[in-house]
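Encoded as structure tokens, the structure appears first; notes follow it.
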Number of protein chains: 2
Amino acid sequence: MKIRTLIAMYACLLSIFIAYAYYYQQDISRIRSLQDEISSLHGKPDEKYVMVTFQSGMDYWKRCLKGFEDAAESLNVSVEYRGATQYDVNEQVTVLEQVIARKPAGIAISAINPTALTKTINKAVEEGIPVVLFDSNASGSKAFSFLGTNNYSAGVTAAHEMAKLLKSEGKVAVITSPHQLNHQERTRGFVETIYQKYPRMQVVAVKNGKGDALASKQAAMEVLNDYPDVQGIFATEANGGVGMAEAVAELNKKYVKLISFDTEKQTLDLVKEGAIAATLAQGTWNMGYWSLQFLFHLHHHLTSPSRSGDALLPAYVDTGITVVTRDNVDHFYAK
Amino acid sequence: MKIRTLIAMYACLLSIFIAYAYYYQQDISRIRSLQDEISSLHGKPDEKYVMVTFQSGMDYWKRCLKGFEDAAESLNVSVEYRGATQYDVNEQVTVLEQVIARKPAGIAISAINPTALTKTINKAVEEGIPVVLFDSNASGSKAFSFLGTNNYSAGVTAAHEMAKLLKSEGKVAVITSPHQLNHQERTRGFVETIYQKYPRMQVVAVKNGKGDALASKQAAMEVLNDYPDVQGIFATEANGGVGMAEAVAELNKKYVKLISFDTEKQTLDLVKEGAIAATLAQGTWNMGYWSLQFLFHLHHHLTSPSRSGDALLPAYVDTGITVVTRDNVDHFYAK
């Protein structure tokens, strides 16, 4: 090998090396600018947010959790789903205490009743853990926000939908659970809207369906017998919807238009086969999605910054209502 | 130079090169993982969102815009502020039309009145431009959400604050603009809460201050002369607050507790010097911040994904109220 060849190779190698180093430096600055671009809306995978419910196996929570998970994916953080398996106040308090003990980055909780969890929620907030409530509020607590359905508005929506089905004319009735605040509000929204906006419609009866399909069937039978010209019934919860559909079938009055609530499988099946004309879906995905967004903003101190005592987060988020009919029912089956 | 030396240098250079290439490859995979980490909550700087107001020079909008800008920074997008300079319906319609013509990524608008902009807003939505309303709603429009104060709740907060100041005892009055819905609701929240929760308090008068300092001063003078034992007055808007403070000073009744609304400089000065005991700050930063978040989610199709007809966004966000007193007033001066 000649020296000249070696020197040529040497020069060649050196220039490749220089070229390589040049591109490498360019990539280094690309890395830097990428790092700058990673926004403040970007957490760490070990940052864990917990959703706490009751009757945790219910279908209803699935879309809430999906929203929570979708937000976690966008924000690059982790989530965990916990809950009382039963409709049991003490069990939910215990679960919440266990969750708090592990100091998560934030907790979204649906309260089994408006007062029982307040003390435990406040303890979490005092320990510096962000807490928001979704679906069912505990309004006296120190939680930072509540995200859920405006039940009065849901009743208003039901009234407009009923008017559409009946061409703004005819007698209607309500089957509800008169001892629960959310059902009172759904009923009030419905009754007041019919009264104020539809002069040729009339609410002739409001019956107690006791949150039970059999009792609701019985209540619907009474309505249909007492007022044979009733044209529509609104049930403020899912079992009431199933019961009234049975009553209408049994009395062979399938022309009576039925509006139910929520999207349990049985309700969706009845919508699909035309026995129930419409049901009202709550904005469960929004509850979960924006709960996690709010918790993330609290954990990372990204809320209204420069004012002490300013409202850190919106006090209340009305997550909306969607009317489900035969046309769009397929989208609502749990996936 | 000996061949051996050249070969040694050659070997040395080669090993540096290999080492370099090795680290480079590691950095390449770092770049890849960084790219993966850049979340979906990350826009492009040429993605422009526009805020549209009326009387666009008002201090009131500054914190709304700050929230809008803060969200834009987090999401790596651009914002622009536009508005009718006057309180002029036609001017706001024209501004909005100009904004739509440039096809921005989204528009947040505070509507000068509930109906005049509906047609133009709907045009934007039909052209595929995401629109949300903040502060002042146009509820009949196709905008995707409304973010603003719950005025009834604001009145409730004022009532509780007044009760705190008066130790739950004594006669009080309201100065309001009885022909505007938001002021009606503030008044109703105040009056109903005093009536329901504070049996030793009484609302003795509700007067029309006409949104004007002089008329409000006159109204406050009448109240204080007709009911010499009035202990507190709530004004539902800023000019009313200024007027009643003048009346109280002129009649030398500085023991009367005054609660005003909003955070104009003049109001804050009166809070600072003790003439007004408290004023209610609206969650303006939250209006701007969450408006931009919502628009971004619409533009990038990040809202509730798999359901056609599902509520894309929460229907309503109550952006909250903060009580401003001497203790925290310094944080509320516009910066």
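Before moving on, here are some points about what is shown:
- Being aromatic (Phe, Trp, Tyr) and within 7 Å of chain A (Cβ to nearest Cβ) is a property that holds for residue B:332.
- When residue B:98 is tested against the conditions (1) within 14 Å of chain A (Cβ to nearest Cβ); (2) loosely packed, with under 14 Cβ neighbours inside 10 Å, the lone failure is (1).
- Boolean, residue A:122 is surrounded by fewer than 17 Cβ atoms within 10 Å (Cβ to Cβ) and either outside the structural domain of residue A:259 (by the TED database) or not charged (D, E, K, R) (or both): yes
- Of the residues screened, residue A:179 is one that is without any contact (Cβ under 8 Å) to a residue 24 or more places away in the chain and either among the polar types (S, T, N, Q) or out of contact with any helix residue (DSSP H, G or I) (no Cβ under 6 Å at 6 or more places or on another chain) (or both).
- So residue A:183, is it at pLDDT below 95 and crowded, with 23+ Cβ neighbours inside 10 Å: yes
- Flag for residue A:148 being crowded, with 21+ Cβ neighbours inside 10 Å, under 25 Å from residue A:217 (Cβ atoms) and either under 23 Å from the mean Cα position of the chain (by Cα) or modelled with pLDDT of 95 or more (or both): no
- Checked against (1) of a type outside the set (Asp, Glu); (2) out of contact with any Lys or Arg (no Cβ under 9 Å at 6 or more places or on another chain); (3) part of a helix (DSSP H, G or I); (4) under 20 Å from residue A:318 (Cβ atoms), residue B:123 passes all but condition (4).
- From the list B:298, B:312, the lone residue that is within 26 Å of residue A:317 (Cα to Cα) and either assigned by the TED database to the domain that holds residue B:71 or not in a loop (DSSP other than H, G, I, E, B) (or both) is B:298.
- Restricting A:287, A:244 to those that are touching a Phe, Trp or Tyr at 6+ places or on another chain (Cβ under 7 Å), of a type in the set (A, V, I, L, M, F, W, C) and not in a strand (DSSP E or B) reduces the list to A:287.
- Residues in segment A:248-270 that are within 14 Å of residue A:234 (Cα to Cα), of a type outside the set (S, T, N, Q) and outside any loop (DSSP other than H, G, I, E, B): A:248, A:257, A:258, A:259, A:261.
- A search for C-beta distances below 7 Å between a residue of segment B:263-276 that is closer than 15 Å to residue B:247 by Cβ and any residue that is in a loop (DSSP other than H, G, I, E, B), counting only pairs 6+ apart in sequence or on different chains, returns B:270/B:276.
- Given (1) more than 26 Å from residue A:144 (Cα to Cα); (2) within 16 Å of the chain's Cα centre (by Cα); (3) more than 9 Å from chain B (Cβ to nearest Cβ), number of the condition residue A:292 does not satisfy: (1)
- Residues satisfying the stated conditions in segment A:99-120, i.e. part of a loop (DSSP other than H, G, I, E, B) and either out of contact with any Asp or Glu (no Cβ under 9 Å at 6 or more places or on another chain) or free of Cβ contacts under 8 Å to residues at least 60 places away in the same chain (or both): A:102, A:103, A:104, A:110, A:111, A:112, A:113, A:114, A:115, A:116, A:117
- Some residue of segment B:267-289 being buried (at least 23 other Cβ atoms within 10 Å of the Cβ), at the interface with chain A (Cβ under 10 Å from one of its Cβ atoms) and of a type in the set (Phe, Trp, Tyr): yes
- Taken over segment A:80-98, the residue count meeting the criterion of being assigned to a helix (DSSP H, G or I) and of a type in the set (Asp, Glu) is 2.
- Per-region count, segment B:315-329, residues more than 7 Å from every other protein chain (Cβ to nearest Cβ) and part of a loop (DSSP other than H, G, I, E, B): 3
- Number of residues in segment A:196-234 that are β-branched (Val, Ile, Thr), surrounded by 17 or more Cβ atoms within 10 Å (Cβ to Cβ) and part of a strand (DSSP E or B): the value is 4.
- Subset of segment A:39-77 (residues that are surrounded by 18 or more Cβ atoms within 10 Å (Cβ to Cβ), of a type outside the set (Phe, Trp, Tyr) and not in a helix (DSSP H, G or I)): A:41, A:42, A:43, A:47, A:48, A:50, A:51, A:52, A:53, A:56, A:76, A:77
- Pairs, first assigned by the TED database to the domain that holds residue B:252 in segment B:216-227, second of a type outside the set (A, V, I, L, M, F, W, C) and in a helix (DSSP H, G or I), C-beta under 7 Å, six or more apart: B:216/B:239; B:216/B:240; B:216/B:243; B:217/B:243; B:217/B:246; B:220/B:243
- Scan of segment B:250-262 for residues that are in contact (Cβ under 8 Å) with a residue 40 or more places away in the chain and closer than 17 Å to residue B:183 by Cβ, ordered by number: B:259, B:261, B:262
- Scanning segment B:22-37 for residues that are at pLDDT 70 or above and more than 7 Å from every other protein chain (Cβ to nearest Cβ) yields B:22, B:23, B:25, B:26.
The values are calculated or read from the model by the stated rules, or taken from the named source; none is laboratory data. Please read all numbers here as calculations on a predicted model, not as lab measurements. No Cβ is skipped: glycine too gets one built from the backbone with ideal geometry, and neighbour counts run over all protein chains shown.
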